[in-house]
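Report on one structure; see the data block that follows.
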Amino acid sequence: MRLAVIFLPLLLSLSSCALLRGPPAARSLNSRIEDLPKGLGSQLKGKTELRFNEHLVPYITSDNDEDAAFMLGVVHAHLRGFQLELLRRASQGRLSERLGAPAAKIDHALRIFDFGRASSKIEASLPLETRKWMEAFVRGINARWMKEPRPFEFDSLGIELEAWTLKDLITMSRLLAADVNWLLWIQALSDEHPEARWKSETTMAQEKTSWNTLKKIFLELSKSGSNSWVIASRRTENGAPLIASDPHVGLTFPNLWLLVGLKSPSFQVVGLSFPGIPFVLLGRNRFAAWGGTNMRALSTEFYDVSKLPASSFTTRNEKLVIRAWPDQSLKIRETRFGPVLSDADLFKTRKPFSVRWVGFEASDEFTAFYKMNQAQSFEQFHRAFETYGVSAQNFLYADVHGDIAHILAMRKPDRSEVRPPGPLLPAQSQHLWKSLSPSTSLPYRFNPGENFLVSANDRPVFAPDDLGLVFAPPDRANRIRSLIETARTPLKVSDLTSWQEDVFSADSLKLARRFEKIFSAIAPEDSNSREALAALKSWDGHWRANSRGALVYASLEALLVSKLTESLLQKEREKVLLGSGYVRQILEAALENDPKALPPEKELRRIWKHALSGDLKKFSTWGDKHEETLAHPFAMLPFVGSRYRFYRGPAAGSFDTLAKRAHLLGEGPTPTSYGATARHVSDLSDPDANEFVLFGGQDGDLGSPASLSQLKLWQEGKRIRLPLTPALVEKEFPLKVAL
């Protein structure tokens, strides 16, 4: 009922539009290509060719760099028009202009944060070659943007066309660089378990709709988990390095990632890009390949400003335009410690706090990516990140010379003293960063003796002690290392692609054996108990969608963790622990080391009975309980939202498996919140051995045959090849566009 009331103004304003009639009808691939504007060739300086494959992956070939960037802008706007507009409006705090009152609180927080505060300075400082590339890309966006047909969503929401500017692109890129650690502070996490999570000085407001939406935005954008690894030539079948990456973000329609291929005088690259970012972020060129994971470095601080005098605050007012609702005047306060984020209505705080982020300072990620895409050696690759600031990333590297490496890409805050514990720092000058160190000054690993490198959001072993405070558990990284070290034959691409599908959890299997022993001793002698115990006993630790054993384990795990929080921790910590990536390690440690952790026999009988009458009766397999979905943002609307949910099915994997499908522990359905959404593998011995796939599809246009065309490939473990050899490009990208 609450959601219906919140969305009523928006529904009333949209009641006569196409949105309520549902998505447009399916259409052909050729008709989708024919939507591209005619006469694009008149805006080109040289010879340029645009081709697509059957999944609408573009391959641009041009004898002029600016023409290549221009066409890249055209295809970004063509394939991801509405996604680009949402990102632009979110980065500028303008969602409520078209989404109405439900987005007002989100906009307030986004305006306070002000992702564009450094945009003008960044734009003014771009090197000439980067500026030319970026400006050509923006011209390409507008060449498609200002032409019909417009995306279905534009008419549905009454979005008026606004030409893009380079500043828009820079501001949006700062949103895409959102710091995943923000969620750890703002969600009032505990510091009472071994991973030193902090007890925040804030608590969330009772009305969580707007906060959950904002959290969803950051989870989808934050690259909150990923796997990447490189294997040196001594361990490979073809005598050249192999590289694999699968970034983990929110499961969205369309996918956050975009596949592209491009060849021009300065570039020949294939791989994964973000909408609005005219570079390959994960992929390869003729000489090198690169992958990455979120580093979770400490790039943000929150300051307690409750004791600052009134003279320490500056105030500005901004007008918030709200569709079908009176406009609002927003008061935005700043201190030398950053904007006062606690003023946003999303938060109910005990103390006002300011936020300071490395991304508030000018840095140049565009030039870093420009040079990264051109790199022909590790030295060039490493040096490319000298201007890079946010978001903090682990980049793994391999090249045709046989070199492999792992670098830390970020600007690292330097402090005059050791950082005090806790989420909020006193607002004192000694706690401000004294400087920011560039990536090129940080340690890195190059051609290690073990002949492989792995990153899975865990703490890099060679990193400075003060790099960060909260890293991912080492379970995924350890699994990759184990697979590499125990391989009996030289490795090949097929090994890496199969590992990307891996759903084994060593921690789960260890606990399953403990659960089997505990509950075998107290379970009654009935058929349901025998069946459940047999499924648990035979479970091999693989979270397959059709596994009954995984379901039995998951049900017992959630109930035991809940009981553990009742007996050992304060009750309000339960959600924190249930959502922690370390929950299995914590549970294992408690059962191993604390005699009081295991509930008494009477309580264990209740837990077993509860599991039998609950999840084990309601669901048959893990996939029945754990589902993945692909849904358009319109799916959040009441009444009509179901028409914009395009896929729902059983999901294999868990929050600590390589094929990640994150979820909270609990009874009832536990749908995945985020996980692997794209995959890449390259063999550096062959310029054409580059395989990619997206969860869903390439095209964001509703009704396009390429909007979900890669879903079946994903489910079957298949990939799309993106070659570098011109003859193969012509063969495998047969749909040539008349420009």
Completion exercise
Within segment 151-161, residues loosely packed, with under 15 Cβ neighbours inside 10 Å and not hydrophobic (A, V, I, L, M, F, W, C) come out as Asp155, Gly158, Glu160
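Which of the strands (runs of 3 or more DSSP E) contained wholly in segment 301-396 include at least 1 residues that are without any contact (Cβ under 8 Å) to a residue 12 or more places away in the chain?
Where strands (runs of 3 or more DSSP E) fall fully within segment 301-396 and carry at least 1 residues being without any contact (Cβ under 8 Å) to a residue 12 or more places away in the chain, they are 314-320.
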Exercise for the section: Could you tell me which numbered condition Ser682 fails, if it satisfies all but one of (1) in contact with a helix residue (DSSP H, G or I) (Cβ under 9 Å, 6 or more places away or on another chain); (2) in a loop (DSSP other than H, G, I, E, B)? Expected result: (2)
Exercise for the section: Please work out if Leu453 is in the same structural domain as Ala232 (by TED's automatic domain parsing), over 27 Å from the mean Cα position of the chain (by Cα) and assigned to a strand (DSSP E or B). Expected result: no
Practice task
Confirm whether Asn317 is at pLDDT 95 or above and closer than 24 Å to Gly261 by Cα.
Solution key: no
Exercise for the section: Please work out which residue is surrounded by the fewest Cβ atoms within 10 Å (Cβ to Cβ), limiting yourself to segment 606-639 and to residues that are over 15 Å from Thr672 (Cβ atoms) and of a type in the set (D, E, K, R). Expected result: Lys617
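Restricting segment 687-739 to residues that are in a helix (DSSP H, G or I) and among the basic types (Lys, Arg), which is farthest from Arg286 (Cα to Cα)?
At the first step, the residues of segment 687-739 found to be in a helix (DSSP H, G or I) are 711-716, 726-732.
Imposing the further condition that a residue be among the basic types (Lys, Arg) reduces the set to 712, 731.
Working: Lys712: 29, Lys731: 19 Å.
In this case the residue turns out to be Lys712.
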Completion exercise
Considering residues that are under 22 Å from Gly653 (Cβ atoms), more than 30 Å from the chain's Cα centre (by Cα) and surrounded by fewer than 22 Cβ atoms within 10 Å (Cβ to Cβ), the number found within segment 538-564 is 1
Problem - Any hit, segment 62-84, residues being hydroxyl-bearing (Ser, Thr, Tyr), farther than 25 Å from Asp364 by Cβ and touching a residue at least 40 places away in the same chain (Cβ under 8 Å) - result: no
Fill in the blank from the handout: Pairing a residue in segment 266-289 that is under 15 Å from Gln376 (Cα atoms) with any residue that is modelled with pLDDT under 95 and crowded, with 24+ Cβ neighbours inside 10 Å, where Cβ atoms lie under 7 Å and the two sit 6 or more apart in sequence or on different chains, gives none
Exercise for the section: For segment 145-156, name all the residues that are touching an Asp or Glu at 6+ places or on another chain (Cβ under 9 Å) and assigned to a helix (DSSP H, G or I). Expected result: Trp145, Phe152, Glu153, Phe154
Handout entry: Filter pass, Ser311 being surrounded by fewer than 17 Cβ atoms within 10 Å (Cβ to Cβ), assigned by TED's automatic domain parsing to the domain that holds Leu396 and polar (S, T, N, Q)
Key = yes
Completion exercise
By residue number, the members of segment 381-429 that are aliphatic (A, V, I, L, M) and over 27 Å from Ser173 (Cβ atoms) are Val400, Ile404, Val418, Leu424, Leu425, Ala427
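Considering every residue within segment 456-474, establish whether at least one is assigned by TED's automatic domain parsing to the domain that holds Pro352 and outside any loop (DSSP other than H, G, I, E, B). Spell out the reasoning first.
Restricting attention to segment 456-474, the residues satisfying the condition of being assigned by TED's automatic domain parsing to the domain that holds Pro352 are 456-474.
After this cut, where a residue has to be outside any loop (DSSP other than H, G, I, E, B) as well, the list is none.
No; the residues of segment 456-474 include none that is assigned by TED's automatic domain parsing to the domain that holds Pro352 and outside any loop (DSSP other than H, G, I, E, B).
Taking segment 98-131 as the region of interest, how many residues are out of contact with any Leu (no Cβ under 7 Å at 6 or more places or on another chain), outside any loop (DSSP other than H, G, I, E, B) and closer than 18 Å to Thr171 by Cα?
Taking segment 98-131 and keeping what is out of contact with any Leu (no Cβ under 7 Å at 6 or more places or on another chain), we get 101, 110, 114, 116-122, 124-131.
From what is left, the residues that are outside any loop (DSSP other than H, G, I, E, B) are 101, 110, 119-122, 124-125, 128-131.
Checking the rest, the ones that are also closer than 18 Å to Thr171 by Cα come to 110, 119-122, 124-125, 130-131.
Matching residues across segment 98-131 total 9.
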Problem - Boolean, Arg98 is farther than 24 Å from Phe360 by Cβ and in contact (Cβ under 8 Å) with a residue 40 or more places away in the chain - result: yes
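Yes/no per residue for (1) at pLDDT below 95; (2) closer than 15 Å to Arg174 by Cβ; (3) crowded, with 19+ Cβ neighbours inside 10 Å:
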residue	(1), (2), (3)
Ser342	yes, no, yes
Lys348	yes, no, no
Tyr370	no, no, yes
Ala375	no, no, yes
Glu379	no, no, no
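A quick yes/no check of all residues on (1) closer than 28 Å to Phe733 by Cα; (2) touching a Leu at 6+ places or on another chain (Cβ under 8 Å); (3) at pLDDT below 95; (4) assigned by TED's automatic domain parsing to the domain that holds Glu129:
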position: Ser200; (1), (2), (3), (4): no, yes, yes, yes
position: Trp211; (1), (2), (3), (4): no, yes, yes, yes
position: Asn227; (1), (2), (3), (4): no, yes, no, yes
position: Val269; (1), (2), (3), (4): yes, yes, no, yes
position: Val280; (1), (2), (3), (4): yes, yes, no, yes
position: Thr300; (1), (2), (3), (4): no, no, yes, yes
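The values are calculated or read from the model by the stated rules, or taken from the named source; none is laboratory data. Treat the numbers as computed from the prediction; the structure is a model and nothing was measured. In this analysis, Cβ positions are derived from the backbone assuming ideal geometry, glycine residues included, and neighbour counts consider all displayed protein chains.
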